[in-house]
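Report on the structure given below.
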Amino acid sequence: MIGIKFQGLSDTVFEFNEYNVKTEERVKAQLIESGNNIAVGAKSRVPRDTGKLHGDIRVLKDKLKDFTVKVTYMGKGRAFYGKFVEFGTFRQPSKPFIGPAADEELPNFEAGMAKAIEG
């Protein structure tokens, strides 16, 4: 019978788990940074008739544990009409604000995620 014994594995597992925790923290920080950048970009682009839509743009981080950050203007008592501004209607041309902000942030997000994962 052949036996194999691994020594020092607990240290390796600990280092691996520590790496995962640190990597997770960096990834989440990048998600928040990019979400904030998109919100700022969207606020700078959104038309300001009353200012309500501008004021309702925010970053939701409640699903950060699932690696989800959401930039939105929707919610109870918030500017439901933002989708009509972003995408337009048959009577109103589109005035995109979130899409272009996300497009502008994409290179920063990709570079930041690569850096976060590499450590």
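Cross-link partners of residue 52 among lysines, defined as those whose alpha carbon lies under 23 angstrom from its own and excluding same-chain residues fewer than eight positions apart: 43, 61, 70, 76, 83, 95.
Within a straight-line Cα-Cα reach of under 17 Å, residue 115 can be paired with the following lysines, leaving aside sequence neighbours fewer than 8 residues apart in one chain: 22, 28. Extension gain, residue 80-residue 21: 0.36 nm per intervening residue step, less the Cα-Cα distance, totals 17.5 nm.
Between rounded, prolate and oblate, where does the range 10-114 land on the alpha carbon gyration tensor, with a ≥ b ≥ c its root eigenvalues, rounded for a/c under 1.5, else prolate if a/b exceeds b/c?
Details: a/c = 3.63, a/b = 2.54, b/c = 1.43.
In terms of gyration-tensor shape, prolate.
Rounded to the nearest whole Hz, the Karplus-based 3J(HN,Hα) values (6.51 cos²θ - 1.76 cosθ + 1.60, θ = phi - 60°) of the range 37-47 follow the sequence 5, 5, 4, 4, x, 5, 5, 6, 9, 5, x, with x at glycine and proline. Placing dummy labels 7 Å off each Cα toward the beta-carbon, the span from residue 113 to residue 62 is 2.4 nm.
Peptides 80-87, 31-38, ordered by how many other C-beta atoms sit within 10 Å of their residues on average, highest first, read 31-38, 80-87. The charge dipole of the range 10-114, taken about the Cα centre with unit charges on the Cβ atoms of Lys, Arg (+1) and Asp, Glu (-1), comes to about 900 debye, rounded to the nearest 20.
For a quick protection proxy, order the peptides 66-72, 56-62 by their average other-Cβ count within 10 Å, most packed first.
Details: 66-72: 14.3, 56-62: 16.3.
By packing density, highest mean first, the sequence is 56-62, 66-72.
Readers should treat all values here as calculations from the given coordinates under stated rules, not as data from a laboratory. Source: prediction; values computed, not measured. Ideal geometry is used to build each Cβ from the backbone, glycine not excepted, and the neighbour counts take in all protein chains shown.
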